[in-house]
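Everything on this sheet refers to the single structure shown next.
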Amino acid sequence: MKRISAILGMIVTLVAAFVLLGGKKAEGPAQAGGVMNASAKAPGGGGAPKGPQALPVLASGVLQREMRQILEVTGSLRTDEDVEIGSRIEGKVVAVNAKEGDRVAAGQVLVRLDDRELRAQLARARAMLSAAEARLSLAHNQASFKDTTAQSDHQKAQAGLTAAKSRLQQAQTNLKLIETETRLRVETAQSGVRVARERLSIAKELTRTQELKQAQLAVDQMKARLGQAKVDVDNARQMFERRQMLFKQDAIAKEEVDEAERRFKSMQAEQRVAEADVAAAEAKLDLAKEGSRGEEIRIAEGQTVAAERALEQALSDERRKQVAQDEVNTAKANLLQAEAAVKSAEAGLVQTKISQDDINSARASRDQAKADIAFYMTQLEDLVIRAPVSGVVSTRTVNTGEMVTKSSRLMTLVALDTVYFEAMVPELDVNLLRPGATCDVTVDALPGKQFKGTVREVIPVADRTSRSFRVRVAVLGSKNQLPANGYARARVFVGTRPGALAVTKDAVFTESGDKLVWLIAEGEDGGYVAKRQPVSVGLVDDRYAEITSGLEVGQRVIAAGSPAIIDGTPISIATR
């Protein structure tokens, strides 16, 4: 706008001069791509005629050039990282290593706090760790010894208990066997005594015929008894063998096998007694047949005496039962002692659990001491406050000797390597911008310097008041140079077209929404006249406007419009 006003002022001055001097006209064609000079020739080769009605104007040629559309924006330099430095713990400041305006690197020490108290606490925690590890080692050794002893005692007690149970079971089995054998012997001897006494009575009292009948009856009875005894023996043997087989298959207990064996032996003893009775009965029958009464009586008497002695012997075996019972009682007492030993060993195992509790307690003390050491080490690290990023100290609010807390703000650090340019773009122009578009950036605080940049992002949310959009530009090659929050400008290249037809931007004007230029045409009298020419405009930069239709290369247009010009107005080419 300033340039247009200046040109219009110049035109008015020229018009006034023209009137005063009698309308003297300058001649000459325009130079290609610029304003026409006084010596340029007019189209067609002749100069324009002089006349008081001609309006002096500046001419501009239609030329071909590369067009770059530029959008100029203004804004401020921002930063992605504006860090406030504080302290994580309370303490006294002993050193401040940066002042306002200093550039610092990431990790550089900015502030140190007094660490004497924390180092003392750290030493105490390390001493407690050593003591806890010593207690843990001692608890481990004691627990290992107690556990080994208790486990050995418990195993011995369990083995003793198992042996006592086995001895008791064996003694009880032996007692049952002796009782069965003794009962069978007594019963067999008593039966023998009865038979012998009957025989003796028969031998003394019965006649020969009766003796024969009685002897034959006795033989029959004894044989019947023998037959039953054999059947019982076979049944007992089969039962014994079947239980042995089942025991090998772990289907029954050992006691059932022992019971079957005792019954089998008992049946065998009864069979032998029956066999002896049969033999005695047959012998008696033979004697009865022979007829020797006196001899039979003597034999019967001898058998009676033998049977009575056998009964006495069987009765005397009752003492074996008492011995076996004593063995059972002794085994029971040993079992009680073994059970008491197992309980005592189990109590020893409980003591090992107590030792394990001691280990756990010592381990907990050790872990607590380690945690304290880690905590104090972290606290010591927090006493040294370092720069989290590289940048410039913008503010400093701490001095040596001050006490700081967790809420104290010590410094503000601006990360210059993350500075970017942010501008507000009108909503009519924001559609021209695309991420990646290149631009030139200048900063008021750095006169004479120009930086390259690219559009980083367009924030797709308009400001409620201005309806403008925020655009962020990444400034290239500017690390640690740009002042954060400084004022900056950018020329964003939003489009380009090589070989485009173009005229000076001031030659194009708008009327009722249409784009127009004043074309310099030949008049009827050989001079120049202004001709209204509609055009279509493409890309526009700071100096030129692209003409997409309406003009051709070599034509000339008035460089700047004038309110006094109408279609057909005579004009003259003025010297700049």
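The values are calculated or read from the model by the stated rules, or taken from the named source; none is laboratory data. Note that the structure is predicted; figures quoted are calculated from it, not measured. With ideal geometry, Cβ positions are generated from the backbone for all residues, glycine too; neighbour counts draw on all protein chains shown. The protein model used for the area step is the full one, side chains on, heavy atoms only, and it has no ligands, DNA or RNA in it. Shrake-Rupley method; radii C 1.70, N 1.55, O 1.52, S 1.80 Å.
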(request) Hey, can you tell me all the residues within segment 194-214 that are at pLDDT below 75, assigned to a helix (DSSP H, G or I) and surrounded by fewer than 16 Cβ atoms within 10 Å (Cβ to Cβ)? (result) S201, K204, E205, R208, T209, Q210
(request) Filter segment 446-455 down to the residues that are open to solvent by less than 70 Å² (accessible area, probe 1.4 Å) and in contact (Cβ under 8 Å) with a residue 24 or more places away in the chain, then identify the one that is farthest from V540 (Cα to Cα). (result) L446
(message) Condition first: part of a helix (DSSP H, G or I) and open to solvent by less than 50 Å² (accessible area, probe 1.4 Å). Now tell me which residues in segment 372-399 satisfy that.
(response) D372, I373, Y376, Q379, L380, D382
(request) Just need a number here: residues in segment 404-445 that are surrounded by 12 or more Cβ atoms within 10 Å (Cβ to Cβ) and not in a loop (DSSP other than H, G, I, E, B). (result) 25
(request) Return the total of residues in segment 72-103 being open to solvent by less than 20 Å² (accessible area, probe 1.4 Å) and outside any loop (DSSP other than H, G, I, E, B). (result) 6
(request) Tell me which residues, restricted to segment 260-275, are more than 14 Å from Q221 (Cβ to Cβ) and among the hydrophobic types (A, V, I, L, M, F, W, C). (result) A260, F264, M267, A269
(request) Being open to solvent by 80 Å² or more (accessible area, probe 1.4 Å) and over 29 Å from K284 (Cα atoms) is the filter here, so list the residues in segment 215-254 that pass it. (result) N235, R237, Q238, E241, R242, M245, K248, Q249, D250, K254
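For every residue, the table says whether it meets (1) without any contact (Cβ under 8 Å) to a residue 60 or more places away in the chain; (2) open to solvent by 80 Å² or more (accessible area, probe 1.4 Å); (3) assigned to a strand (DSSP E or B).
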{"position": "E457", "(1), (2), (3)": "yes, no, yes"}
{"position": "S466", "(1), (2), (3)": "yes, no, no"}
{"position": "R470", "(1), (2), (3)": "yes, yes, yes"}
{"position": "P483", "(1), (2), (3)": "no, no, no"}
{"position": "A488", "(1), (2), (3)": "no, no, yes"}
{"position": "R491", "(1), (2), (3)": "no, no, yes"}
{"position": "V494", "(1), (2), (3)": "no, no, yes"}
{"position": "R497", "(1), (2), (3)": "no, yes, yes"}
(message) Can you find, within segment 509-557, the residue that is most open to solvent (accessible area, probe 1.4 Å) among those that are part of a loop (DSSP other than H, G, I, E, B) and within 26 Å of D440 (Cα to Cα)?
(response) R543
(message) Tell me whether segment 112-124 contains one or more residues that are acidic (D, E) and within 30 Å of Q337 (Cβ to Cβ).
(response) no
